[in-house]
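Worksheet: one structure, shown below.
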Amino acid sequence: MISEQEYKSRRDALVETLSKNSVAVVFSATYKTRSNDTEYPYRQNSNFYYLTGFKEENSILVFIRKKKKTKTVLFVQKKDKTIELWTGKKEGVKKAKKRFLVDEVFLVDDFTTKLKEYLADVKHLYFDFKQDDTDIRTLKEHTKDIYSYKNIAKPISMMRLIKSEAEIKLIKKAISITKDAHHRVMMMDKLGKNEMHIQAELEYVFKKNMAYSDAYTSIIAGGNSANTLHYISNNKPLVDGELILIDAGCEYDYYASDITRTIPVNGKFTKVQKEIYNLVLEVEEKIISMVEPDVLRSDLHKKSEKLLVDGMVKLGILKGKTKKIIKKQKHKKYYPHGIGHWMGLDVHDEAPYKDAKGKEIALKEGMVLTIEPALYFDKDDKYIPKEYRGIGIRIEDDIVVTKDGFENLSVDISKTILGIESLS
Ligand code: GLY
Ligand code: MN
Ligand code: MN
């Protein structure tokens, strides 16, 4: 749980970053149509949620920063009996005033009138440049004389880089549910099953543990499908003797987990699968051990490239000197993505990789990132020894940077060959 005080501290910190004589508007998410008149499950906009913890649609947070004074206002929906009959109880102005530590609460119906008032004498208007067009149009209609438009997502995302203790606790909870899900799949008899059955087992564990949803569409890729990076059809029969790459993590109270394990369908790795698996695992462990304050993510990536290429040369998959292979990018088709990404309210957390001057942001205590090296050998790749073709392996853990190093938040999710085989 994030306290109301923590949400207030975030808002106070954000206001400090705003230019004097500015207004900032942060909208809630809107419903998205799934088909005809049905909608996707509603999920609050991460930035709005980060600043309020409020899950209701049709709400707006506004900051007014004049020369000396600042004010925070929340706009919420009306408590309307007919609407509530269809879509459930709303917080309403009265309750919202008690709950949120903001200066004022008004009905969302009054937003445009109030906005005009706030905008008098203001020079800058902040809003999220990725906001839905209709919301942006509303703002622009009322701001013809505004001096400049600025992206509110920027200062928010900078704040979201560093997680608080309460946030890390929620990420840990998400990961512990995800652990149960991956272990359930490791333990089940997978012979004769379909990839979708694996997805069903994972989602059963997520929901049973009150995780609202998956944090992203699970990738359940049997055999060669692991070599399609965003494979999400998850509908092929599993094949005895092949591996399954499972990239799946739940979202718990808006916080993500992002875990990949690659396991054998029949519970036992073959000799060849073990060779690649242990290479990826060794690299993953090595890179995780390098995580500490002041390290650059790009250096972690470079090191992972070097180690994976060294390993591939040793196995006869690539020929030549590691340095030259990397210079010529010959390894790219086998390891085409980065070492990892920020994670938090979004699985690929909306937090910057570079500072305002374009300089890479180094790791700092409280940042959470994934480490996910991989090797992908397509079944039709004629350039590699036959026995490796059709194998795709990724191993992914979620790491928090600590004062002196790191904590692997997903260390309890089995990943050694012995660990996986003994659960099977
Ligand atoms: N599951 C998405 C990723 O690993 O980045
Ligand atoms: Mn990831
Ligand atoms: Mn992943």
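The values are calculated or read from the model by the stated rules, or taken from the named source; none is laboratory data. Not measured: the values here are computed from a predicted model. All Cβ positions, glycine included, derive from the backbone under ideal geometry; neighbour counts span all protein chains shown. These accessible areas exclude ligands, DNA and RNA; they are computed on the full protein's heavy atoms, side chains included. Shrake-Rupley method; radii C 1.70, N 1.55, O 1.52, S 1.80 Å.
Quick notes on this one:
- Identity of the residue in the range 183-192, free of Cβ contacts under 8 Å to residues at least 60 places away in the same chain and on the phi < 0 side of the Ramachandran plot, that ends up farthest from ligand 2 (Cβ to nearest atom): Asp189
- Where a residue in the range 355-372 is open to solvent by 10 Å² or more (accessible area, probe 1.4 Å) and its partner, wherever it lies, is within 16 Å of ligand 1 (Cβ to nearest atom) and part of a loop (DSSP other than H, G, I, E, B), with Cβ under 6 Å and at least six apart: Glu372/Gly340
- Neighbours by Cβ (under 6 Å, 6+ apart or cross-chain): first from the range 273-291, outside any helix (DSSP H, G or I); second open to solvent by 10 Å² or more (accessible area, probe 1.4 Å): Val291/Phe406
- The residue of the range 385-395 that is nearest to Thr178 (Cα to Cα), among those that are touching a helix residue (DSSP H, G or I) at 6+ places or on another chain (Cβ under 6 Å) and within 16 Å of ligand 3 (Cβ to nearest atom), is Ile395.
- Any hit, the range 310-325, residues being within 16 Å of ligand 1 (Cβ to nearest atom) and open to solvent by less than 50 Å² (accessible area, probe 1.4 Å): no
- For the range 199-214, the set of residues classified as in contact with a helix residue (DSSP H, G or I) (Cβ under 7 Å, 6 or more places away or on another chain) and within 15 Å of ligand 1 (Cβ to nearest atom) consists of Leu202, Phe206, Asp214, listed by residue number.
- Residue check, Gly340 more than 13 Å from ligand 3 (Cβ to nearest atom), assigned by TED's automatic domain parsing to the domain that holds Asp380, at pLDDT 95 or above and among the small types (Gly, Ala, Ser): no
- Cβ pairs under 7 Å, 6+ apart, first in the range 1-19 and without any contact (Cβ under 8 Å) to a residue 24 or more places away in the chain and not assigned by TED's automatic domain parsing to the domain that holds Leu170, second among the basic types (Lys, Arg) and surrounded by 17 or more Cβ atoms within 10 Å (Cβ to Cβ): none
- Top-ranked residue of the range 375-401 - restricted to ones that are under 19 Å from Leu281 (Cβ atoms), β-branched (Val, Ile, Thr) and not in a strand (DSSP E or B), ranked as farthest from ligand 1 (Cβ to nearest atom): Ile391
- Taken over the range 396-424, residues that are within 16 Å of ligand 3 (Cβ to nearest atom) and either at pLDDT below 95 or crowded, with 21+ Cβ neighbours inside 10 Å (or both) amount to 8.
- Residue list for the range 132-153, filter: touching a helix residue (DSSP H, G or I) at 6+ places or on another chain (Cβ under 9 Å) and surrounded by 14 or more Cβ atoms within 10 Å (Cβ to Cβ): Thr138, Leu139, His142, Thr143, Ile146, Tyr149, Ile152, Ala153
- Elements of the type helices (runs of 4 or more DSSP H) sitting completely within the range 1-113 and holding at least 3 residues that are open to solvent by 10 Å² or more (accessible area, probe 1.4 Å) and modelled with pLDDT under 95: these cover 81-87.
- The range 259-280, residues that are more than 17 Å from Met186 (Cα to Cα) and within 16 Å of ligand 3 (Cβ to nearest atom): Val280
- Options Lys55, Lys78, Lys89, Lys67; residue that is touching a residue at least 40 places away in the same chain (Cβ under 8 Å) and charged (D, E, K, R): Lys67
- Residue in the range 319-333 that is assigned to a loop (DSSP other than H, G, I, E, B) and within 16 Å of ligand 3 (Cβ to nearest atom) present: no
- Being assigned to a loop (DSSP other than H, G, I, E, B) and open to solvent by 30 Å² or more (accessible area, probe 1.4 Å) is a description that applies to Phe129.
- Test: residue in the range 168-176 that is in contact (Cβ under 8 Å) with a residue 40 or more places away in the chain and under 25 Å from Glu387 (Cα atoms): no
- Residues of the range 199-254 classified as within 15 Å of ligand 2 (Cβ to nearest atom) and in a loop (DSSP other than H, G, I, E, B), total: 10
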